[in-house]
Each structure stands twice: as C-alpha cells, then as structure tokens.
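Notes to accompany the following structure.
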Amino acid sequence: MVASLDNSLRQMGTDYVDVFNLHGIELGEYDRAIVRWCRRSVEQKQKGKIRHIGITENPINDFTNAMLKRAVNDPVWEVYMVGLPT
C-alpha cells in the first residue's frame, strides 16, 4: 500500500492526496480492512502524504448500507462514499 501510494504521488507530481479511499468494502471485509490498511493509512497521513482517509461501500452487494453503518463508529474515517445502485 505504501509503495503504491508513493508511486502514485510520484506519477502525479505531488507530495500528498486529499482523500485516500478504500473502495468497495463489504461488511464481511471490514475487520480485515481495519487491521490491514488503517494503521498504514494513518501513518501516511501523519507523514503528510494523505490529508483525509475515506471508505466506500459496495452498493452492488450491500443494499442496506450495513458496512457504512458500522464504519461511522470508527474515528479513522473522515470521508464516506455512499454507493447508489442503478
């Protein structure tokens, strides 16, 4: 994740991103996302590479917003992207 972020920053010619989102996270994947990605994301935010950390649900499989209902209780998330099925 860190190498990918650094590569993206280099390719964009910038030192930071405004929002770093974990996309398409479902309720059954949420605990893994917290353990695997949040610590690293927070570390990169503290280094100034990320301004805000966000999470996006998967509207194709989660019609009840179950994951987002859980995520709002965790202080790491600053941005929420709500999916609307078409």
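Looking only at region 29-57, filter to residues that are open to solvent by 70 Å² or more (accessible area, probe 1.4 Å) and under 17 Å from VAL82 (Cα atoms); which one of those is modelled with the lowest pLDDT?
Result: GLU29.
Please identify the pairs in which a residue from region 26-51 that is within 19 Å of ALA66 (Cβ to Cβ) and among the acidic types (Asp, Glu) has its Cβ atom under 7 Å from the Cβ atom of a residue that is open to solvent by less than 80 Å² (accessible area, probe 1.4 Å) and outside any helix (DSSP H, G or I), counting only partners at least 6 apart or on another chain.
Cβ pairs passing all conditions: GLU26/ASN58; GLU26/ASP62.
Can you tell me how many residues within region 58-82 are in a loop (DSSP other than H, G, I, E, B), over 27 Å from VAL2 (Cβ atoms) and open to solvent by less than 90 Å² (accessible area, probe 1.4 Å)? Break it down into steps so the answer makes sense when it comes.
Here is the first cut: in region 58-82, the residues in a loop (DSSP other than H, G, I, E, B) are 58-65, 72-78, 82.
Keeping just the survivors that are over 27 Å from VAL2 (Cβ atoms) gives 59-65, 82.
Filter once more, so that each one left must be open to solvent by less than 90 Å² (accessible area, probe 1.4 Å): 59, 62, 64-65, 82.
Going through region 58-82 one residue at a time, the tally reaches 5.
For region 13-28, which residues satisfy the criterion of being part of a strand (DSSP E or B) and open to solvent by 80 Å² or more (accessible area, probe 1.4 Å)? Before the answer, list the steps.
Step one: list which residues in region 13-28 are part of a strand (DSSP E or B), which gives 17-25.
Passing the criteria: ASP18, HIS23.
The values are calculated or read from the model by the stated rules, or taken from the named source; none is laboratory data. Predicted model only: the values in this text are computed from it and were never measured. Cβ: placed from backbone, ideal geometry, glycine included. Neighbour counts: every protein chain shown. These accessible areas exclude ligands, DNA and RNA; they are computed on the full protein's heavy atoms, side chains included. Shrake-Rupley method; radii C 1.70, N 1.55, O 1.52, S 1.80 Å.
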